[in-house]
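Working notes for the structure below.
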Amino acid sequence: MRRLAVYCGSRRGHDPAFAKAAAALGETMALRGIGLVYGAAQTGLMGVVADTVLELGGEVIGVIPEALMANEIVHPRLTKLEVVDSMHQRKARMLELADAMVALPGGFGTLEELFEVLAWLQLGLHQKPCGLLNVAGFFDPLLRYLDASVEQGFLNPHHRQLLRLHTDDDLLLQNLQEHDRCSEPS
């Protein structure tokens, strides 16, 4: 794995464990020689991951739509900044640049990015592994929702397993690296 796309909040959240986990993920990535692909912001968990990877000499590629350049504080020390035309192009470009994807705590944007790449994986549009770092139980309600979706017949159990889950960043990255692909095409 050369690069990891990380989806996470442009805010830090209330629990200090979120920023601690973002820094730990960034450190583990840098120590493993894994570059970061993310939404280019300097703020929140996004900034924590990027700062950590950069401080340890790693590569950080930010991808941002032109429309957000004025609204978001773009990280000033990125290895590379790519400005695209739309949010859809941002997500597609991040997927193209990364070998795997991981979500940390965040809001609508984090979930939207994660679920789009999972849907693309389910449809066989890519074969890159997707993971969720469940920090301080943040994603427990989401995991219950996914399990209920299986129980109620809306989600195939095989597709439920596409989302690799761990509470430890090192073990999650190890799991993602051990799998060349997450699924069989549906």
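All of the numbers you see were taken from the coordinates with simple rules; none came from a lab. Keep in mind the model is a prediction, meaning the values are calculated, not measured. All Cβ positions, even for glycine, are placed from backbone atoms using ideal geometry, and neighbour counts span all protein chains on display.
Taking ASP140, is it out of contact with any strand residue (DSSP E or B) (no Cβ under 7 Å at 6 or more places or on another chain), closer than 25 Å to SER10 by Cβ and either basic (Lys, Arg) or surrounded by 14 or more Cβ atoms within 10 Å (Cβ to Cβ) (or both)?
Working: out of contact with any strand residue (DSSP E or B) (no Cβ under 7 Å at 6 or more places or on another chain): yes; closer than 25 Å to SER10 by Cβ: yes; either basic (Lys, Arg) or surrounded by 14 or more Cβ atoms within 10 Å (Cβ to Cβ) (or both): no.
For ASP140, the condition - out of contact with any strand residue (DSSP E or B) (no Cβ under 7 Å at 6 or more places or on another chain), closer than 25 Å to SER10 by Cβ and either basic (Lys, Arg) or surrounded by 14 or more Cβ atoms within 10 Å (Cβ to Cβ) (or both) - is not met.
May I ask you to say which residue of ARG77, ARG11, ARG93 is more than 17 Å from the chain's Cα centre (by Cα) and among the charged types (D, E, K, R)? It would help to see each step written out before you state the result.
Working: ARG11 fails: more than 17 Å from the chain's Cα centre (by Cα); ARG93 fails: more than 17 Å from the chain's Cα centre (by Cα).
Exactly one of ARG77, ARG11, ARG93 is more than 17 Å from the chain's Cα centre (by Cα) and among the charged types (D, E, K, R), namely ARG77.
Does region 148-158 include one or more residues that are in a helix (DSSP H, G or I) and in contact with a Pro (Cβ under 7 Å, 6 or more places away or on another chain)?
Just the residues of region 148-158 that are in a helix (DSSP H, G or I), to begin with: 148-151, 157-158.
Next, only the ones that are in contact with a Pro (Cβ under 7 Å, 6 or more places away or on another chain) stay: 150.
Yes; the residues of region 148-158 include at least one that is in a helix (DSSP H, G or I) and in contact with a Pro (Cβ under 7 Å, 6 or more places away or on another chain).
Quick one: is PHE108 more than 20 Å from LEU165 (Cβ to Cβ) and surrounded by fewer than 17 Cβ atoms within 10 Å (Cβ to Cβ)? Reasoning before the result, please.
Working: more than 20 Å from LEU165 (Cβ to Cβ): yes; surrounded by fewer than 17 Cβ atoms within 10 Å (Cβ to Cβ): yes.
Yes; evaluated as a whole, the condition is true for this residue.
So which residues in region 75-99 are in contact (Cβ under 8 Å) with a residue 60 or more places away in the chain, surrounded by fewer than 24 Cβ atoms within 10 Å (Cβ to Cβ) and outside any loop (DSSP other than H, G, I, E, B), if there are any at all?
Of everything in region 75-99, those that are in contact (Cβ under 8 Å) with a residue 60 or more places away in the chain, surrounded by fewer than 24 Cβ atoms within 10 Å (Cβ to Cβ) and outside any loop (DSSP other than H, G, I, E, B) turn out to be LEU95, LEU97.
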